[in-house]
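Derivation of every value follows stated rules applied to the coordinates shown; laboratory data play no part. It should be emphasised that the depicted structure is a prediction, and the values quoted were computed from it without experimental measurement.
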Amino acid sequence: MTKNNFVMKFSTMLTAFTLTVLMVVSSIHCQTNDVTHGTFPENDTSNTLCFNPCTVKLGDKECKTICLNKSYKDGSCTGFGIPPTFKYCCCTK
């Protein structure tokens with residue numbers, strides 16, 4: 001193997017590796033910033049507002065704090081779907 005051939009293969013592999021790392025980091029970054037616009041659950045649309053999905057970092061306690069800061073009476077993570085597979089932070093008046 002000649003020196004030029006080795007350098008060409010090495011630079012190609014380095015470029016492919018760099019692009020792969022950038023794509024992985026980009027996809028992870030996009031997943032952690034998942035913001036859902038406000039929607040209303042079906043049971044009582046006039047008194048409840050639901051938004052961000054509940055996660056490990058955004059649980060019932062954090063949801064309630066956000067809702068109280070937005071002048072709602074209460075807040076909790078509420079399940080949606082049949083069976084309830086997705087939980088969203090919901091504030092009630």
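Length gain on complete extension for the stretch residue 62 to residue 20, per 0.36 nm per residue less the alpha carbon to alpha carbon distance? All intermediate terms of the calculation are to be shown ahead of the outcome.
Numbers: separation 42, 0.36 × 42 = 15.12 nm, distance 3.52 nm.
The residue 62-residue 20 span can extend by a further 11.6 nm.
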Note, region 57-72: 3J(HN,Hα) by Karplus (6.51, -1.76, 1.60, θ = phi - 60°), whole Hz, Gly/Pro = x, goes 7, 10, x, 4, 5, 5, 4, 4, 4, 4, 5, 5, 5, 9, 6, 9
For region 76-88, 3J(HN,Hα) per residue [Karplus equation, 6.51 cos²θ - 1.76 cosθ + 1.60, θ = phi - 60°, Hz, x = Gly/Pro]: 7, 7, 10, x, 10, x, 10, x, x, 9, 10, 10, 10
